[in-house]
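What follows draws every value from the coordinates through simple rules; no lab data is involved. This structure is a prediction, so every number in the text was calculated from the model and none was measured. All Cβ positions, glycine included, derive from the backbone under ideal geometry; neighbour counts span all protein chains shown.
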Amino acid sequence: MINVDKKYDVIVVGGGHNGLVCATYLAKAGRKVLVLEANATLGGGSATSEFSDQFSVSSCAHWLFQLNPEVASDMGLKGHGLELAARDLNTIALAEDGNHLTIGVNTLEGAGVTDEDRKAFVAFNKQMLKFSKLLSGAFNRRAPKLVEGNLTDRITLAKLGLGMKMLGKTDMSDLMRLALINIYDVMEENFENDLLKAAISLDSLLGSHMGPRSPNTVYGYLYRRMGDIYGFNGPAVVRGGMGAVGEALGNAAKAAGVDIEVSAAVSKINVDVDRATGVTLADGRVVNAGMVVSNADPKTTFNKLVGLTNIETGVARRVKTIRMKGDAAKLHIALDSLPDFTGLTKDQMGQRLVIAPTMDYIELAFNACKYGEYSKAPAMDISIPTIHDPSLAPDGKHVMSVIVQFAPYELEGGWESHKDNFKNLIIDRIADYAPNLKDKIIASELLTPADLEDRFHIHGGHWHHGEISLDQILTMRPFPGASQYGTSVDGLFLCSAGTHPGGGVMGLAGHNAAKEIIKRGKSA
Amino acid sequence: MIPHDETMMLKTPFHSRVEAACEINMWEDWKGYTSPQAYTEVEQEYFAVRSNTGVFDISPMIKYRFTGPDAGAYLNRLVTRDISKIGIDRVAYTVWCDDNGQVMDDGTIFHLAENDYRLCAYARCLDWLMWSAEGFDVTIVDETADIAALAVQGPTSCAIFKEMGFKGIENLKPFGIARFPFEGSEVMISRTGFTGDLGYEIWIEPALAEAFWDALFEAGKHREIRPIGSAALDMLRTETGFIQAGVDFVPAEEAIRTGRSRSPFELGLGWLVSFDKPVFNGRKALLKEKKEGSRYAFVYLDVDGNKPAEHAFVYSGNKEVGTVTSAAWCPTAKTNVAFAQVDAKYGKVGQELVAEIYYERELKWTRVMAKCTVIEGAVFNPPRKRQTPAPDF
């Protein structure tokens, strides 16, 4: 709760995972920190909610696979109650005929996969992880500015440059070539099997406004594989849903001395000409502090909280041009019992299930989005967490969580009249793989990107707070001039997924922002 | 098919009259408009403004209109001056900057009515204006082609307007706006200009442009009214210390090479920057510059001799410290004036410098190293420019 007698050094706007991580580091460094969260629970996109009586689900992100181990250990998340119900899951690319492809860390089973593909898969993984490892060197520190020649930045750049050199001639030229092409071509170069190519493609673009043939998808894939560098050999299921991550982070923050108030929406970041002075809450309360750190995405921060009229045109222009329109919807289904997926055992149903038969299937699904339509045959990433964590549903019952790729944020004609059609269409599509699914459904909920925006206060419903693409990373994330967490408004910092290195439940944006603020000391 | 006598060039609403008066066919391109450099003889046109009245067709000037409840707040964020201090029917000269505090352009803002402004600019900048409008309730219209405008400048200009029946024009203060009936419609007159003399600018709907020109020249014929071109205007503005965008500075958006743009302080326009107002473009960078110092100073030089120091290098001792941007022998002030950008520390009034001037006479080039002194400002600054009521000549 807000302590009215306390003179806060820092107010963190938003109790998302990055906000909590940032707040905790700052509190540990001796700052008096207040976190204000609009929702009733903490964690932001790392959330659990009850969508039907006694049925709960991870309502935004549903796998944990990128949490940075340094952050997890600094926060003491295990001690604060974070528990994994399952980890290192395989991905199973579903085939309608039941001849599925099971993708492990370095193994491929089923779907008539050839030995050539198996060998190529091992080599491909090795190379990709080499690249991700190289990138990871720049992830846990601020993005280096290119021109100012600051020593810290030079070291980061030198590490990246040296790292590239150390890759060796073949890998270095491969990285430079691959980074700028698209995952479709890379898949065609490496593999035969359609399910494999499609499953990897889907990983490269989940959550983004891209198809397999879009540039930047290779970077998207390397970004996703950062999880492997952080010790995940496949996705994990969090006990209690992803909201438990938020809860544990909240506990860590409180233990570090952070004051937290939930259901406390900030309506305005107060700025006195060019210095942030505090915030005004939706209920009219004003809280002052020497510094405000926004965990809201950059567009929400400047459009709504600061106001574009209170910053200079150049900055307003850069905020406006950030690309962040989400294309991913969430479907939540309450199930009376487990459905039967053709050719899957119960244990296999607990893995990560993917519906994306071919790369062209995904590309066609993306086409719809380009023109403001939802895909009639969307690609999907399915989790049935109750197989590992029965606590999310009543005894013997289950929940299914589905990321549905290619539902545009702005649907032609608006979402209201189309939502049910889209939901039924998705369920029909899953039923192609699990024929008795519909008999098991007790309740269901579809969250379009517009709903995700409303519920999680993310502009465009884009879970990365801005497309992860080469034009929006490093010193260009969220935009030049704000890439080292500070902004043109003195005393206003950013710490959301919209900043370097980017989205996913990773915690590094919050970590890096805190380090930068601490480093700047009084001048921040 | 385009008829053989048509060109891409636009014509101002006064073109029929300008063309008829332009005896020597000396045309140039002013932002896409056919515009005369001179009508007859540059010196005669210059002296028309200093002794009688000169008329310059300023219709090509880029004009934007801002209306809506946030128009004032919008402009206050856009430009460096405090717009809230400009009353209705007043005009203010200002510059506007990018986020780096570099001057994008200079121009005048006309406060026409409550929530209604006009901006006159050197360069088209609708793109920047629209970006700047994000979050403001303001409507922006490019009205360059919708308004005909003339600069009517010189000691007899007020008398000519009185002759035309514009009652009370003599009481219009510098930078004031007044409206008068004309041909069943209205002409707006502002006491503004680019010559440093008593003078006015008139703003009228294009359909009445020719009629206005005719009435003006009829009323002025006994006072030696004369149309003038850009060459004479250039002498006039140099004599009176007015800088010209694109000549004395590179607009920030047009500068390709880093370091070629200038801040208001570096153009001697620090007086246009108001830090006592809400956020404006360039504020942060300009505050920093004010604290840490500027790179350059913009200076007026009194140059020895009578050779205009055009494009001259400027030295302090043997060290090259800057270059001349504009220069002219000023016939009325009888002074050889140059504007120069020099390293900041050579910008103080009284600083002695040397201009390296090259000039050509019958294919023979000569170099002079002319002594020059940094002076306060305009060498021509007559009382009649400010007097209200305006004097009769």
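Summary of computed values
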{"item": "Cα-projected label distance for B:Arg386 with B:Glu253, points at 7 Å along beta-carbon direction, nm", "result": "3.5"}
{"item": "Chain A: Cα Rg divided by the 2.2 N^0.38 Å rule of thumb", "result": "0.93"}
{"item": "Pairs of Cα atoms farther than 47 Å apart, the protein assembly as shown, %", "result": "41"}
{"item": "Diffusion coefficient, µm² s⁻¹, Stokes-Einstein with Kirkwood Rh over alpha-carbon pairs of region A:284-359 at 25 °C and 0.890 mPa s", "result": "138"}
{"item": "Pairwise FRET efficiency - B:Lys319 versus A:Asp454, Cβ, R0 = 60 Å, nearest 0.05", "result": "0.40"}
{"item": "At q = 0.23, 0.28 Å⁻¹, base-10 log of I(q)/I(0) for region B:196-249 (Debye sum, equal scatterers on each alpha carbon)", "result": "-1.03, -1.14"}
{"item": "Hydrodynamic radius (Kirkwood) for region A:217-369, which is based on Cα pairs only, to one decimal in Å", "result": "20.6"}
{"item": "Residue order, fewest to most surrounding Cβ atoms within 10 angstrom, among B:Val42, A:Val13, A:Val218", "result": "B:Val42, A:Val218, A:Val13"}
{"item": "Along each principal axis, Cα extent of region B:296-375, largest first, Å", "result": "39, 30, 17"}
{"item": "Antiparallel DSSP beta bridges within chain A, percent to nearest 5", "result": "70"}
{"item": "Rounded to whole Å, sorted largest first: equivalent-ellipsoid semi-axes of region B:1-106, Cα gyration tensor", "result": "34, 20, 14"}
{"item": "Around B:Tyr33: net Lys/Arg minus Asp/Glu count, Cβ-Cβ under 13 Å", "result": "0"}
{"item": "Positive minus negative residues near B:His15 (Lys, Arg vs Asp, Glu; Cβ under 11 Å)", "result": "-1"}
{"item": "Cβ-based net charge around B:Glu201, under 12 Å, with every Lys or Arg adding one and every Asp or Glu removing one", "result": "+2"}
{"item": "Relative frequency of Cα-Cα separations exceeding 35 Å in chain B, percent", "result": "28"}
{"item": "Rg/Rh ratio calculated on Cα atoms of region A:174-235 (Kirkwood radius)", "result": "0.96"}
{"item": "20 Å tail of the calculated P(r), region B:197-301, as % of Cα pairs", "result": "60"}
{"item": "For B:Arg262, A:Arg429, order by how many other beta-carbon atoms lie within 10 Å, fewest first", "result": "A:Arg429, B:Arg262"}
{"item": "Cα-Cα P(r), region B:257-301, percent of pairs per 10 Å interval", "result": "25, 56, 18, 1"}
{"item": "Least to most buried among A:Trp463, B:Trp271 (fewest other Cβ within 10 Å first)", "result": "B:Trp271, A:Trp463"}
{"item": "Helical mean residue ellipticity (222 nm; -39500 (n - 2.57) per DSSP H run of 4+; nearest 500) of chain A", "result": "-10000 deg cm²/dmol"}
{"item": "Set A:Lys370/A:Lys397; A:Lys346/A:Lys440; B:Lys288/B:Lys385; B:Lys85/B:Lys173 screened for pairs whose C-alpha atoms are more than 26 Å apart", "result": "A:Lys370/A:Lys397; B:Lys288/B:Lys385"}
{"item": "Of all DSSP beta bridges in the protein assembly as shown, antiparallel share, percent nearest 5", "result": "85"}
{"item": "q = 0.23 Å⁻¹, region B:295-341: log10 I(q)/I(0) [Debye, one scatterer per Cα]", "result": "-0.77"}
{"item": "Pair-distance profile P(r), taking every C-alpha pair of region A:51-133, with 5 angstrom steps and integer %", "result": "3, 10, 13, 16, 16, 16, 12, 8, 5, 1"}
{"item": "Qualifying GluC sites (Glu not before Pro) in region B:178-212, DSSP loop, other Cβ atoms within 10 Å at most 15", "result": "B:Glu183"}
{"item": "Taking N as its residue count, the alpha carbon Rg of region B:336-393 over 2.2 N^0.38 Å", "result": "1.69"}
